[in-house]
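Report on the following structure.
Please treat every number below as a calculation from the coordinates, not as lab data. Computed from a predicted structure; not experimentally measured. Cβ sites come from the backbone with ideal geometry, for glycine too, and all protein chains shown count toward neighbours.
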Amino acid sequence: MTKEPEGFDEKPEVPDADATTTPPSEAAAPEGEQEKQADRGAGDDAPEGDDKALIEAALTAQLDQTRSALNERTQDLQRLQAEFQNYRRRVDRDRVQVKEVAVANLLTELLPVLDDIGRARDHGELVGGFKQVAESLETVAAKMGLAQFGEEGEPFDPTVHEALMHSYSPEVTETTCVQILQPGYRIGERTIRPARVGVAEPQPGAPAKDSAGDAADGAEPEGSDASGDAPAAGDAQKENGGSEDG
């Protein structure tokens, strides 16, 4: 007879149902590991508040940066606007100056013609059609701002007068224009040609005109008394003469 191998009659071990449903590792997990897992799950919910604060801080910083950039752009715009206003004023001022210079140059070239017209008028030669043309030219020059100055008897002003002749006169008390040799012209406040004049100064050593007049008025004629009976003496002489003749 053959012998059966040993252990043939032994029945295989069948695992329990509870052992198949729950892994041994999880079933035997220590309590400390479970607490860590619970804390990890609670920690996933906690950062939501911190993230919100960080987002608000980032937005605040971005808003401040935007405001700073806006202020810089506003200042740049204001600066550009001020520069543009200054440029406009400067251009307007230059335009007016250029116009005044152009008008002054034109009228300066016409001054000899106006002088000829004045001399012709003084000699009575400004008649007929020539008179009308001359008056039209003077009217146009006046519209462009040309004004004539310089009259006899006015005080001498070296800023607007040019003295070509000099004399002394007891009739004046200060340096005076006594003769207008050539009238002056100005445009507004700008003198384009001074008046050429002859001037007279007070006589050296002569008393002032007003004081001399006062002295003459205060003097009394010789031979007159306080009562003003000077003519009576003449009448007495006439009577004496008449008696001698008789």
Tally time: how many residues in segment 127-141 are within 21 Å of GLY184 (Cβ to Cβ) and free of Cβ contacts under 8 Å to residues at least 12 places away in the same chain?
3
Before we move on, is ILE192 assigned to a strand (DSSP E or B), in contact (Cβ under 8 Å) with a residue 24 or more places away in the chain, within 23 Å of VAL101 (Cα to Cα) and out of contact with any Cys (no Cβ under 7 Å at 6 or more places or on another chain)?
yes
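For (1) closer than 16 Å to ASP115 by Cα; (2) assigned to a strand (DSSP E or B); (3) touching a residue at least 60 places away in the same chain (Cβ under 8 Å), each residue gets a yes or a no:
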position: ASP157; (1), (2), (3): no, no, no
position: THR173; (1), (2), (3): no, no, no
position: CYS177; (1), (2), (3): no, yes, no
position: ARG186; (1), (2), (3): yes, yes, no
position: VAL199; (1), (2), (3): no, yes, no
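Every residue, every condition in (1) of a type in the set (D, E, K, R); (2) touching a helix residue (DSSP H, G or I) at 6+ places or on another chain (Cβ under 6 Å), yes or no:
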| residue | (1), (2) |
| --- | --- |
| ASN105 | no, no |
| VAL113 | no, no |
| ILE117 | no, yes |
| PHE130 | no, no |
| VAL133 | no, no |
| THR139 | no, no |
| GLU152 | yes, no |
| SER167 | no, no |
If GLY128 satisfies every condition in (1) more than 28 Å from VAL96 (Cβ to Cβ); (2) small (Gly, Ala, Ser); (3) surrounded by 11 or more Cβ atoms within 10 Å (Cβ to Cβ) but one, which is the exception?
(3)
Could you please tell me which pairs satisfy a Cβ distance under 9 Å, a separation of 6+ or placement on different chains, a first residue in segment 84-101 that is closer than 22 Å to ILE187 by Cα and in contact (Cβ under 8 Å) with a residue 60 or more places away in the chain, and a second residue that is surrounded by 10 or more Cβ atoms within 10 Å (Cβ to Cβ) and hydrophobic (A, V, I, L, M, F, W, C)?
GLU100/ILE187
If LEU164 passes every condition in (1) out of contact with any Ser or Thr (no Cβ under 8 Å at 6 or more places or on another chain); (2) buried (at least 18 other Cβ atoms within 10 Å of the Cβ) but one, which one does it miss?
(2)
Could you list all residues from segment 143-161 that are surrounded by fewer than 11 Cβ atoms within 10 Å (Cβ to Cβ) and among the β-branched types (Val, Ile, Thr)?
THR159
